[in-house]
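What follows is a short report on a single structure.
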Amino acid sequence: MPWIKVTRWWNNLNLRQRILSFSGVALGVAVLIFLKIHMAAPYVNLYENRLSADDLSEVSIALTQSHIPSKTVNNQILVPESRRIEALAALINQGIPSHPFPWISSLPAEDVDSDGAQHIHLERELASILRQVNEIADANVKLYIPLENQFFFGDEQDEAKAAVVVKLKSGYDKLPLEKVRAIVNFVSSSVPHLKPENIELTDTNGQLLNRRAEDSQDEARSTGRTLTRSKSRKTSGRIFPTSPMRLATSP
């Protein structure tokens, strides 16, 4: 009988061999359980819309660096449902999105009304994601999403707006500029028709963080123009300006 052979084998082992054998079996069982849970975990869209090839590559690499499993299907990124919020925060920690993405909310645009339950759900979801950014201890998001008005058109139509307040963790006196831009782009991409310039990101001291980011970007552009002019060269009596520097643009 097999169990008799197993019993004899076990009895012939010394204490050290028994401990090693038991540890190996326990480890094997743990690995099998982990794989079963991981493989069974449902995957969901990280963003609702398809991304460009460049954005797809950037997001995939960033998730891999954050040790978050992902799949790419039809230009969409899929992550385990239980890790979606973690994945979005991990991307912000790496300065992504560096520009506004197409509609990325988990809620359909037509369901985000001016004061309904979906509106409140979106505010809470955005705040919970921002709370996982490394430097942020707490976050609060308030959205103003106007109802479409058939009597007003173009410039007369009221625009969506957002106010985001973050409390920094002890030991941090500022939020890195790349994360400021990522947060603004993320919120803008999560709310229908919300432009980055209509978002106010402040800390609990009342400092307007995205204004600091915009000022930094304006300074970079100015420096780029100065360097471009200084690199213009004269050849055979004609001026040949060098190619303008490619600078990242702020929302």
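Taking θ = phi - 60°, what integer Hz values does the Karplus form 6.51 cos²θ - 1.76 cosθ + 1.60 yield along segment 169-175, in sequence order, with x for Gly and Pro?
Working through the residues one at a time gives 5, 4, x, 10, 9, 7, 9 Hz.
Amide H of LEU46 versus every other amide H placed in the peptide plane: which residues, excluding those fewer than 5 positions away on the same chain, fall under 5 Å?
The list, which skips near neighbours in sequence, is ILE77, LEU78, VAL79.
Provide the gained length on full extension for the span ASN11 to HIS67, in nm with one decimal, where the gain is 0.36 nm per separating residue minus the Cα-Cα distance.
15.8 nm
Could you order the peptides 162-169, 65-72, 16-23 from most to least packed, using the average number of other C-beta atoms within 10 Å per residue?
In decreasing order of mean packing, 162-169, 65-72, 16-23 become 162-169, 65-72, 16-23.
5 Å is the cut-off here: which amide hydrogens, built 1.01 Å from N in the peptide plane, fall below it relative to LYS167, excluding neighbours closer than 5 in sequence?
ALA137, ASP138, ALA139
Pairs LYS71/LYS142; LYS142/LYS167; LYS142/LYS169; LYS71/LYS161: which are spaced more than 25 Å apart, C-alpha to C-alpha?
Long pairs (Cα-Cα over 25 Å): LYS71/LYS142; LYS71/LYS161.
Here, each number is a calculation from the coordinates, and none is a lab measurement. Note that this is a predicted model, so its numbers are computed, not measured. FYI the Cβ positions are ideal-geometry reconstructions off the backbone, even for glycines, and counts take in every protein chain you see.
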